[in-house]
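The values are calculated or read from the model by the stated rules, or taken from the named source; none is laboratory data. Bear in mind the structure is a predicted one, so any value in this text is a computation, not a measurement. Here the Cβ positions follow ideal geometry from the backbone for every residue, glycine too, while neighbour counts run over all protein chains shown. The area values use the complete protein model at the heavy-atom level, side chains included, leaving out ligands, DNA and RNA. Shrake-Rupley method; radii C 1.70, N 1.55, O 1.52, S 1.80 Å.
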Amino acid sequence: MERKEITAVFIGNHDCYFIKEEYIEQAIIVAIHMGIKVFLNGGMGHFDETCAKVLHRMKTRYPKVKRVLVTAYHNPRTPYLDLFDEIIYPFEEQQETYFFYKKAIPERNKVMVEWSSVAISYVYRSGGGAGKTFDYAKKKELTIIDLKVGEAGG
């Protein structure tokens, strides 16, 4: 994986259908101006899909950014694989058992945070995978670009 200081992760609730794409685009631009060159995406849910599509469109303006899908499973379950430059399965060395299968997504999320220095987030409810990942990002002292702040009250 690339150096942590040039890597950002997207963190958001999977059922986030109401985020405006221009907020995501502005957050990506801010991250790029901070030196971010690699964007990690978990590829699950509407927030991840929207971020992948926005970043894909921005690739012509920012051709040096790298769009990386970090998949929780050996066979990616994302229907929009063509939006990524690279696909990483971080658990290649581990045996995928039923026990691990149930923990794959939280473990993948933890890995993405550990690989990153910046998080672009839209977490509107605590708990669940996005809330726990957001809390972990704060604990690991990532710089948080909070998209909820950008929408100012709704």
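Table for the structure above
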quantity: Some residue of segment 94-117 being closer than 18 Å to residue 13 by Cβ, of a type in the set (Gly, Ala, Ser) and at pLDDT 90 or above; calculated: no
quantity: Odd one out for residue 5, checked against (1) part of a loop (DSSP other than H, G, I, E, B); (2) at pLDDT below 95; (3) open to solvent by 50 Å² or more (accessible area, probe 1.4 Å); calculated: (1)
quantity: Filter result for residue 68 (at pLDDT 95 or above, open to solvent by less than 60 Å² (accessible area, probe 1.4 Å) and either among the β-branched types (Val, Ile, Thr) or within 12 Å of the chain's Cα centre (by Cα) (or both)); calculated: yes
quantity: Single condition residue 25 does not satisfy, out of (1) part of a loop (DSSP other than H, G, I, E, B); (2) modelled with pLDDT of 95 or more; calculated: (1)
quantity: Looking only at segment 48-58, and only at residues there that are surrounded by 15 or more Cβ atoms within 10 Å (Cβ to Cβ) and not polar (S, T, N, Q), the one that is farthest from residue 16 (Cα to Cα); calculated: 58
quantity: Of residues in segment 79-88 being buried (at least 16 other Cβ atoms within 10 Å of the Cβ) and in contact with a strand residue (DSSP E or B) (Cβ under 6 Å, 6 or more places away or on another chain), the one nearest to residue 16 (Cα to Cα); calculated: 84
quantity: Residues (open to solvent by 10 Å² or more (accessible area, probe 1.4 Å) and within 20 Å of residue 109 (Cβ to Cβ)) located in segment 11-47; calculated: 12, 14, 15, 19, 44, 45, 46
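Yes/no matrix, rows are residues, columns are (1) under 19 Å from residue 4 (Cβ atoms); (2) polar (S, T, N, Q); (3) free of Cβ contacts under 8 Å to residues at least 24 places away in the same chain; (4) part of a loop (DSSP other than H, G, I, E, B):
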| residue | (1), (2), (3), (4) |
| --- | --- |
| 32 | yes, no, no, no |
| 40 | yes, no, no, no |
| 54 | no, no, no, no |
| 62 | no, no, no, yes |
| 67 | yes, no, no, no |
| 73 | no, no, no, yes |
| 77 | no, no, no, yes |
